[in-house]
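Trainee: Let me begin by handing over the structure; questions about it come next.
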Amino acid sequence: MKIGLGFVFFFVLFYVEPLPIGSVPFAVLWKALLFAVLLIGLYISPRGRALPRLTVWGLLLFVAGFFNESLAIDPFETASTALKNAYIPILFGFWLYSFRDTEKGEYYARRFIIVLSAFILLSTTPFLLNLLSPLESGYDLSLFGGGDTVFGFVGIFQNAHGASMTLTVASATLLWALPYARTRTTRMFYLALMAVGLVASFLTLVRTGLAMFASALLVLLASSRKRIHFRLALVLVIASVPSAVYLFETSEVFRLRMLGLNVLMARQDVTLNQLGSGRFLYWTTALGQFFSSPFQQQIFGFGPTLAKEYMFGAIGLRIYAHNGFIDILQFHGYFGLFAYAMMLREIFRILLTLPRSNPYFTLLAMHLTAYLIGMLVQGERYFLVDVLFALSIVCAKLSASFSAEENYRRRNDYFHASAK
């Protein structure tokens, strides 16, 4: 009963996110409120506890987001961008303290990430069954030879990229969780949800999510010692290659999306700058605009609004660079880039403190790799993706606090102890 009510509550919460409250989307309002609550929770945590270094560097990156000229031009966009950068470090710090204060903290963190992944994948079913229509639209498939105006899958995720990236990361998480399911029924449930999630992700026709899933799959193959992981990952790889080749040859919509083209561009000679939906052009233009700006402006960057204006002046499009690392450099300058690099360093440090035999090594390595791929080719941050990533870091950090003897004792039956 509680699980059902929780599903309905969060489904409605994410479904209505695009609706405006005044001039501000509901999504921004409730996440800003959540951020304030988390900051208060960190502030009133037991004295004598220093903030995790990951959280400290993340807070510095958040603060750096306000020291730029875009704040005076569009304070809402500037604050929203700074807030998105703070999701992972703030959630990590809050949950690390919260779960440490309970005897079964690691169990609850692990259970949270699995239940959340299941919720994400299960949320697609009303849309796939045409029982509900999304409040936002995905890709217009008519631009890729799809005939009448039909839109790609979006679900509760506001846009196609958010849907693709969230669904593939949740699918990868349940793939990791398969060996630790207690019953065959639970495993079959996870497999069914993964299948639904991957189908929905494919229907978004977004390449970023598929690239993130593929990278997570390769990490799983390389690091996990579980037979079910190897067998299922191998099946997915073997099945996906011929399927992709077949669709590329027979479906114009699929072929044009994978090439980053549309029906108009397909009739012209394609240049290097047009491949990858123009990413090479966006990256070089954004970097050129940054390094040609005054050095004083480079220290803290010029923020998201001016970055789009500079891009518009150069190529006629008000867009970001489609690369999260370049965006951080543009928006927050050298100071923000340094804080972000130190934040990443802390995540790598947590990962490398774990032995490869620890299941959380694989989980965090999968999420970290998918995150870096998403930052490299897209850059936009999505809340549920960052929530899952933060939980994977928390699980790894809590596990790293166990002694070597305790980890060895728990290795063969790592996840089967139930909470009292």
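Trainee: Which of the residues spanning segment 147-188 are of a type in the set (Phe, Trp, Tyr) and under 16 Å from His229 (Cα atoms)?
Mentor: Within segment 147-188, Trp176, Tyr180 qualify.
Trainee: Further, regarding this structure: Could you figure out which of (1) modelled with pLDDT of 95 or more; (2) surrounded by 23 or more Cβ atoms within 10 Å (Cβ to Cβ); (3) closer than 28 Å to Glu77 by Cβ; (4) of a type outside the set (Ser, Thr, Tyr) isn't true of Leu364?
Mentor: (3)
Trainee: Suppose the filter is part of a helix (DSSP H, G or I), modelled with pLDDT of 90 or more, within 14 Å of the chain's Cα centre (by Cα) and buried (at least 23 other Cβ atoms within 10 Å of the Cβ); does Ala200 pass it?
Mentor: No, not satisfied.
Trainee: Are any of the residues in segment 158-171 in a loop (DSSP other than H, G, I, E, B) and at pLDDT 90 or above?
Mentor: Scanning segment 158-171, I find no residue that is in a loop (DSSP other than H, G, I, E, B) and at pLDDT 90 or above, so the answer is no.
Trainee: Can you name the residue in segment 339-361 that is hydroxyl-bearing (Ser, Thr, Tyr) and crowded, with 17+ Cβ neighbours inside 10 Å and is also nearest to the chain's Cα centre (by Cα) among such residues?
Mentor: Tyr340
Trainee: How many residues are of a type outside the set (S, T, N, Q) and in a loop (DSSP other than H, G, I, E, B) when one looks only at segment 10-63?
Mentor: Residues in segment 10-63 being of a type outside the set (S, T, N, Q) and in a loop (DSSP other than H, G, I, E, B): 13 in total.
Trainee: Another question, then. For a quick check of your reading of the model, give me the residue pairs whose first member lies in segment 274-286 and is β-branched (Val, Ile, Thr) and buried (at least 17 other Cβ atoms within 10 Å of the Cβ), whose second is in a helix (DSSP H, G or I) and at pLDDT 65 or above, with beta-carbon atoms closer than 9 Å and at least 6 apart or on different chains.
Mentor: Listed pairs, sorted by first residue: Thr285/Tyr310; Thr285/Met311; Thr285/Ala314; Thr285/Ile315.
Trainee: If you scan segment 312-330, which residues turn out to be part of a loop (DSSP other than H, G, I, E, B) and not aliphatic (A, V, I, L, M)?
Mentor: Answer for segment 312-330, where residues must be part of a loop (DSSP other than H, G, I, E, B) and not aliphatic (A, V, I, L, M): Gly316, Arg318, Tyr320, His322, Asn323.
Trainee: When you go through (1) buried (at least 18 other Cβ atoms within 10 Å of the Cβ); (2) in contact with a Phe, Trp or Tyr (Cβ under 8 Å, 6 or more places away or on another chain); (3) not charged (D, E, K, R) one by one for Leu91, which number turns out not to apply?
Mentor: Result: Leu91 passes all but (2).
Per-residue answers, yes or no, for (1) touching a residue at least 40 places away in the same chain (Cβ under 8 Å); (2) surrounded by 13 or more Cβ atoms within 10 Å (Cβ to Cβ); (3) of a type in the set (Val, Ile, Thr):
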residue	(1), (2), (3)
Gly22	no, no, no
Val28	yes, yes, yes
Leu42	yes, yes, no
Leu51	yes, yes, no
Phe67	yes, yes, no
Ala72	no, no, no
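The values are calculated or read from the model by the stated rules, or taken from the named source; none is laboratory data. Predicted model only: the values in this text are computed from it and were never measured. Positions of Cβ are backbone-derived with ideal geometry, glycine not excepted, and every protein chain shown enters the neighbour counts.
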